[in-house]
Amino acid sequence: VNPAGDRAQSGVMAEPQWAYSGPEAKTESGAVQPFRQEILVEEIPQVIGQLKETYILCQTGDGLLVVDQHAAHERIVYEDLKKSYRNAHIESQSFLIPHKMELSQKEGRLVLKHLGRLAQMGLDLEHFGGNTFLLRSVPSIMVSANWDAFLRELIPFLEQEGTDLTNEKALDGLLTLMACHGAIRAGKRLSQDEMKRLLKQLQEVDLSTNCPHGRPVSNSFSFREFEKMFKRVI
Ligand SMILES: [Zn+2]
């Protein structure tokens, strides 16, 4: 067996016995731990690849880490927006050609009422006349947003919640909505570098175990579980 086993390719091991190499060996006492989300912050996982353009698969010292790319990025975008909002500085990016939107009269009135608040959130909308609005700049971190889809959800949100951003619940709802649309989607193919960058950002963020809606960001499966699955151990 190659002693440089820590970088050995998993999946092509022919040996009947797998000798653990690493600190996890002494912690395994037979108890199966199906969920170990908290280990995510301890080490930089090695990216194996992307599953169904939705999940990032990583090898860690303990086993396999599966990260939901949308949930992970959603948390990253949310925390970034929240921090920037608190510091009253959301970094924004202008469109070369503003994104033009035709709204209904009712929607137009609603957006008009909230222009100032939306600007505070980094969403710079300009009333172009009638029920036409121009989206001029947006938070830089909302890289992947489909703006029409975002506004279709934003308008009912404004209608329902108002946007008294001193109200924590409304602020949180708005940030979550922005993060959801700003985050990369499931179904998007990511390069190895993009996956690595995402994991690194995730390690630097608070509450990295769950997305702002509460869904888990990652799940771990220990080598022990695999060994049991393949009857290497009883
Ligand atoms: Zn979510």
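Is it the case that Met142 is within 16 Å of the ligand (Cβ to nearest atom), at pLDDT 95 or above and out of contact with any Ser or Thr (no Cβ under 8 Å at 6 or more places or on another chain)?
When the stated conditions are applied, Met142 does not pass them.
Spot the failing condition for Cys58; the list is (1) in a helix (DSSP H, G or I); (2) within 26 Å of the chain's Cα centre (by Cα); (3) more than 16 Å from the ligand (Cβ to nearest atom), and only one is missed.
Of (1) in a helix (DSSP H, G or I); (2) within 26 Å of the chain's Cα centre (by Cα); (3) more than 16 Å from the ligand (Cβ to nearest atom), only one is false for Cys58: (1).
Among Arg136, Arg185, Arg109, Arg117, which is the only one that is basic (Lys, Arg) and in contact with a helix residue (DSSP H, G or I) (Cβ under 7 Å, 6 or more places away or on another chain)? Walk me through it before giving the result.
On the way: Arg136 fails: in contact with a helix residue (DSSP H, G or I) (Cβ under 7 Å, 6 or more places away or on another chain); Arg109 fails: in contact with a helix residue (DSSP H, G or I) (Cβ under 7 Å, 6 or more places away or on another chain); Arg117 fails: in contact with a helix residue (DSSP H, G or I) (Cβ under 7 Å, 6 or more places away or on another chain).
Result of the check over Arg136, Arg185, Arg109, Arg117: Arg185.
Yes or no, residue by residue, for (1) assigned to a strand (DSSP E or B); (2) more than 16 Å from Leu64 (Cβ to Cβ):
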{"site": "Ala170", "(1), (2)": "no, yes"}
{"site": "Thr176", "(1), (2)": "no, yes"}
{"site": "Arg189", "(1), (2)": "no, yes"}
{"site": "Ser220", "(1), (2)": "yes, no"}
{"site": "Glu225", "(1), (2)": "no, no"}
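Within the set of pairs 6+ apart or on separate chains, which have a first residue in region 203-221 that is closer than 8 Å to Arg75 by Cα, a second that is polar (S, T, N, Q) and within 12 Å of the ligand (Cβ to nearest atom), and C-beta atoms under 9 Å apart?
Cys211/Thr176; Pro212/Thr176
Those residues that are under 20 Å from Gln160 (Cβ atoms), out of contact with any strand residue (DSSP E or B) (no Cβ under 8 Å at 6 or more places or on another chain) and part of a helix (DSSP H, G or I), I need them from region 86-120; list them, please.
Gln105, Lys106, Glu107, Arg109, Leu110, Lys113, Gly116, Arg117, Gln120
Of the residues in region 189-234, how many are in contact with a strand residue (DSSP E or B) (Cβ under 9 Å, 6 or more places away or on another chain), away from the ligand (no atom under 16 Å from the Cβ) and among the basic types (Lys, Arg)?
Count: 3.
Evaluate the following for Ser84: is it surrounded by 14 or more Cβ atoms within 10 Å (Cβ to Cβ), within 23 Å of the chain's Cα centre (by Cα), under 14 Å from Trp147 (Cβ atoms) and among the small types (Gly, Ala, Ser)? Break it down stepwise before answering.
Values: surrounded by 14 or more Cβ atoms within 10 Å (Cβ to Cβ): yes; within 23 Å of the chain's Cα centre (by Cα): yes; under 14 Å from Trp147 (Cβ atoms): no; among the small types (Gly, Ala, Ser): yes.
In short, no.
Out of all the residues in region 119-130, which are in contact with a Leu (Cβ under 6 Å, 6 or more places away or on another chain) and buried (at least 18 other Cβ atoms within 10 Å of the Cβ)?
Across region 119-130, the qualifying residue is only Leu125.
The values are calculated or read from the model by the stated rules, or taken from the named source; none is laboratory data. Predicted model, so just to flag it, every value in this text is computed and none were measured. Cβ: placed from backbone, ideal geometry, glycine included. Neighbour counts: every protein chain shown.
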